[in-house]
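The values are calculated or read from the model by the stated rules, or taken from the named source; none is laboratory data. Since we're looking at a predicted model, the values are computed, not measured. Note that we place each Cβ from the backbone using ideal geometry, even for glycine, and neighbour counts take in every protein chain shown.
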């Protein structure tokens, strides 16, 4: 979960941001802002330290199905991701007159369709794209995705529909056979979607329930068009004892295949989505009292040749707000706040040292008690869970020159303060 900053934390962030903004242009003079900035004539010291005491990659989302957009991708031997949409309450009867409590059994399901909403940002349409819809209803445990993947078989195929690339934008309707709806009356209907193209690799994103633009299952139950059609939003009844998880599983990304993370490196992004948690031990002078000019996290990137090596991905540094009492790093990596709009742009296939500016995070740390809140940051992909793009970085287990470091520039003069 992301936490909004208030009170002293926000004040600390604004203080540091103010210093950085005000002291950008004239570090070699003592004019411009003598009362709020350091005395620039006093000099700027820069140190590079190895303060990271823990770094690890953890799951990047709070749970299966919590992503706002779901990736449909068929990328040969690298990525195969699909989408599952649950409609766990298909009605068996309907009201011919809204004010009448008498109901009639549903005997037709005319004009049945599944409507999805597509985001084409980063989409790859090599030519006509076929979307296959499968019946993936199963009594297997909800989080055992391998059991659902196994249901994408010819015997479970509901329908296939081919679209021209130009038609795959905004709202797309997948026509469903009437028999598929009638077979599920009074039961649940769970649809698995897979995309493919004879012309090559294909990928695009579908908006999930969490985006506010959910899928819709539509069908008419009477030949009289004056009678309202059935229009259902995704809904999951299971697991029955975990309502929050059930809500998330109304629709979700089903990952059938994804590149493995090479040993010895940390992964940001990708599928399943991951983020990097880093905990620091910083000398008190630098962490608490030094008048900071710039703080940069230095990461050494290892090239990833698995997929889309020249596509751009963006990484954002969040501050972890998890208390010392939370010893599970996976949980701590989800309790964060974004303190800066600065992003690191990287190409997955690139290499070398990359800089992440984290000065404002020090402002938050100075409002916290170290005994209560560890000094930690979390690196997050800006499209977490919605893209297969990932960046790999060396960890503290790597050779000394490849390990993450901090480069800190600070003033050597005490401020005069406000007159």
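In the set (1) within 18 Å of the chain's Cα centre (by Cα); (2) loosely packed, with under 14 Cβ neighbours inside 10 Å, residue 401 fails one condition alone, (1).
Answer with yes or no whether residue 245 is modelled with pLDDT under 95 and closer than 30 Å to residue 77 by Cβ. No, not satisfied. Residues that are touching a residue at least 60 places away in the same chain (Cβ under 8 Å), surrounded by 18 or more Cβ atoms within 10 Å (Cβ to Cβ) and over 22 Å from the mean Cα position of the chain (by Cα) do occur in the stretch 298-316, at least one of them. For the stretch 233-270, a residue qualifies if it is touching a strand residue (DSSP E or B) at 6+ places or on another chain (Cβ under 9 Å), closer than 28 Å to residue 218 by Cα and surrounded by fewer than 17 Cβ atoms within 10 Å (Cβ to Cβ), and the qualifying residues are 233, 237, 238, 247.
Conditions (1) without any contact (Cβ under 8 Å) to a residue 40 or more places away in the chain; (2) closer than 16 Å to residue 385 by Cβ, marked per residue:
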| residue | (1), (2) |
| --- | --- |
| 200 | no, no |
| 203 | no, yes |
| 220 | no, no |
| 231 | yes, no |
| 240 | yes, no |
| 264 | no, no |
| 287 | no, no |
| 295 | no, no |
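Residue under question is residue 183, and the condition is that it be closer than 17 Å to residue 232 by Cα, out of contact with any strand residue (DSSP E or B) (no Cβ under 8 Å at 6 or more places or on another chain) and free of Cβ contacts under 8 Å to residues at least 24 places away in the same chain; does it hold? Yes, satisfied.
Residue-wise test of (1) part of a strand (DSSP E or B); (2) closer than 21 Å to residue 60 by Cβ; (3) out of contact with any helix residue (DSSP H, G or I) (no Cβ under 9 Å at 6 or more places or on another chain); (4) assigned by TED's automatic domain parsing to the domain that holds residue 387.
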site	(1), (2), (3), (4)
253	yes, yes, yes, no
268	yes, yes, yes, yes
271	no, yes, yes, yes
279	yes, yes, no, yes
282	no, no, no, yes
288	no, no, no, yes
295	yes, no, no, yes
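Being crowded, with 19+ Cβ neighbours inside 10 Å, out of contact with any helix residue (DSSP H, G or I) (no Cβ under 6 Å at 6 or more places or on another chain) and in the same structural domain as residue 126 (by TED's automatic domain parsing) is true for just one of 157, 151, 185, 168. Which residue is that? After applying the criteria, what remains is 168.
Which of (1) out of contact with any strand residue (DSSP E or B) (no Cβ under 6 Å at 6 or more places or on another chain); (2) modelled with pLDDT of 95 or more; (3) more than 18 Å from residue 303 (Cβ to Cβ) is the odd one out, the single condition residue 406 does not satisfy? Exception for residue 406: condition (1). Taking the stated definitions as given, is residue 193 touching a strand residue (DSSP E or B) at 6+ places or on another chain (Cβ under 8 Å), part of a loop (DSSP other than H, G, I, E, B) and either at positive phi or not assigned by TED's automatic domain parsing to the domain that holds residue 307 (or both)? Spelling it out, it is not the case that residue 193 is touching a strand residue (DSSP E or B) at 6+ places or on another chain (Cβ under 8 Å), part of a loop (DSSP other than H, G, I, E, B) and either at positive phi or not assigned by TED's automatic domain parsing to the domain that holds residue 307 (or both). Residue 301 satisfies every condition listed in (1) under 19 Å from residue 384 (Cβ atoms); (2) assigned to a loop (DSSP other than H, G, I, E, B) except (2). What are the residues in the stretch 134-171 that are in a strand (DSSP E or B) and either closer than 23 Å to residue 124 by Cβ or touching a residue at least 40 places away in the same chain (Cβ under 8 Å) (or both), if any? Answer for the stretch 134-171, where residues must be in a strand (DSSP E or B) and either closer than 23 Å to residue 124 by Cβ or touching a residue at least 40 places away in the same chain (Cβ under 8 Å) (or both): 134, 135, 160, 161, 162, 163, 170, 171. Scanning the stretch 228-245 for residues being more than 30 Å from residue 104 (Cα to Cα) and not in a loop (DSSP other than H, G, I, E, B) gives a total of 3. Put simply, of 90, 116 the only residue that is surrounded by 13 or more Cβ atoms within 10 Å (Cβ to Cβ), outside any strand (DSSP E or B) and not assigned by TED's automatic domain parsing to the domain that holds residue 381 is 90. Can you tell me which residues in the stretch 47-79 are touching a helix residue (DSSP H, G or I) at 6+ places or on another chain (Cβ under 9 Å) and assigned to a strand (DSSP E or B)? Scanning the stretch 47-79 gives 47, 49, 54, 56, 58, 59, 69.
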